[in-house]
1. Please determine, in degrees from 0 to 90 and to the nearest 10, the orientation of helix 173-182 with respect to the longest principal axis defined by the Cα atoms of the chain, where the helix direction is its Cα long axis.
2. Rounded, prolate or oblate: pick one for segment 7-58, where a ≥ b ≥ c are the square roots of the eigenvalues of its C-alpha gyration tensor, a/c under 1.5 means rounded, and failing that, prolate if a/b is larger than b/c, else oblate.
3. For segment 102-165, with every protein chain kept in place, what is the accessible area per residue (1.4 Å probe, Å²)?
4. Tilt of helix 202-213 relative to the longest C-alpha principal axis of the chain, in degrees (0 to 90, nearest 10)?
5. Pull up all non-local amide H partners of ARG47: gap of 5 or more, or a different chain, and H-to-H distance under 5 Å with H placed in the peptide plane.
6. Fully extended, how many nm does the chain gain between SER266 and GLU31 (0.36 nm per residue separation, minus their Cα-Cα distance)?
7. Can you pick out the pairs among LYS25/LYS99; LYS81/LYS257; LYS24/LYS99; LYS105/LYS257 whose Cα atoms lie more than 29 Å from each other?
8. Would you kindly state how much longer the chain becomes between LYS151 and GLN3 on full extension, computed as 0.36 nm times their sequence separation minus their alpha carbon distance, in nm to one decimal?
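The values are calculated or read from the model by the stated rules, or taken from the named source; none is laboratory data. It should be emphasised that the depicted structure is a prediction, and the values quoted were computed from it without experimental measurement. Cβ placement follows ideal geometry from the backbone for every residue including glycine, while neighbour counts extend to all protein chains displayed. These accessible areas exclude ligands, DNA and RNA; they are computed on the full protein's heavy atoms, side chains included. Shrake-Rupley method; radii C 1.70, N 1.55, O 1.52, S 1.80 Å.
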Amino acid sequence: MDQKLQLWFTELQTDDMALSCRVKKTLHQEETPFQSLAVLDTEQFGRMLVLDNVIQTTVRDEFVYHEMMAHVALNTHALPKKVLVIGGGDGGVVREVVKHRSVEKVVHCEIDGAVIEASRKYLPEISCALDDPRVDIVIDDGIKHVREHKKTYDVIIVDSTDPVGPAEGLFSASFYRSIYEALNEDGLFVAQTESPFFNRDLIPRLYKDISAVFPVTRLFLACVPTYPGGLWTFTMGSKRYDPLEVDIAGIPQMDTKYYSPAVHRSCFVLPPFVEELLVQG
Ligand code: SAM
C-alpha cells in the first residue's frame, strides 16, 4: 500500500456538503487585512486561489467563469470603451476584457491588494493582462468607487466573493442604484449571482432589486466545476441593450474556450427550476 502522506483541502460548500481536493503543495498562505488567502497546488485542478477557505478560481476551470463574466456583457454593448471591474483580484476578468479592441480603459477596483500580488506571483496565466497599458489598478472598496464616479463607465463587471464580509454590500439594492448612476446612458453591468441550487433565497432578491433599477434584467448560466453545485448564475442589468437581441452573427471571432456566439444565445435558456427563481422575487 502507498504510504505517501496525502494532504487534502476541504471547502465546506454548504453546512452539509464539502468539496475536497488533494493538495500537492501549499504555495502561499497569509492573513490579509480583509481575509485569509492561500494558493494551493492541487492534483485535480492545478493551482487554486482560496479566500477564507472558499475556492475562488483554479487554473483548470477558470476560463468558464472569466470568459462568461466578460464577453456576454461586452458583446451586448454596441461600443464598450470604458470598463470597470470590481473585485476579481486574480485578473481573469481583466484578461478577457482587454481582448476587446474597442476597450480603451479598464479600471480594476479590488479591495485587497494582497490578492493581486499573490495572483501575479502564483497565477501568471490568469493575471497576465494586469500590466496591459489600458488597465488602471485601484485598491479601494468597489462600493465607494461607484458612489464617487457618476456617468463614467460603459460596462461594469462585479467579480465578487460570496455575499459576506467586504463583499456583502456588492449584493445590495443601494449598490445597484449606484452602479446605474456610474454607468453612461447606454451602459450595462453584470455580476456573479451564486448557485441556483443553494442560493434560492438570494437570487430572487437580487433579480428583483436589479429589475427595480434597470429596464433590461437577464440571468444566464454557466458550468464552473469548483463552485458549489457546478451550475452558476450571472445577472445582467442594462439601460438599453438586450443581450437576447444581439446579432450573434456579428460577434467577432475570439480566442475563447467556453464562450462562443452560440453560447451567448444558449446561456440565457433557463431550466424551469431556475426560471421559477425569477418570478418569486
Ligand atoms: N470568481 C470568484 C468567485 O466567484 O468566487 C471571485 C474571485 S475574485 C478573487 C473576488 C474578489 O473580490 C476578492 O479578491 C475580494 O478581495 C474582492 N472584493 C470583495 N469585496 C470587495 C469590495 N467591496 N470591493 C472590491 N473588491 C472586493
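1. Helix 173-182 sits roughly 60 degrees off the main axis of the chain.
2. Note, shape of segment 7-58 comes out oblate.
3. Roughly 43 Å² per residue, with all protein chains present.
4. Computed tilt is about 30 degrees.
5. Excluding prolines and chain starts, which carry no amide H, the hits are THR42, VAL59.
6. Gain on stretching SER266 to GLU31: 80.5 nm.
7. LYS25/LYS99; LYS24/LYS99
8. 47.1 nm
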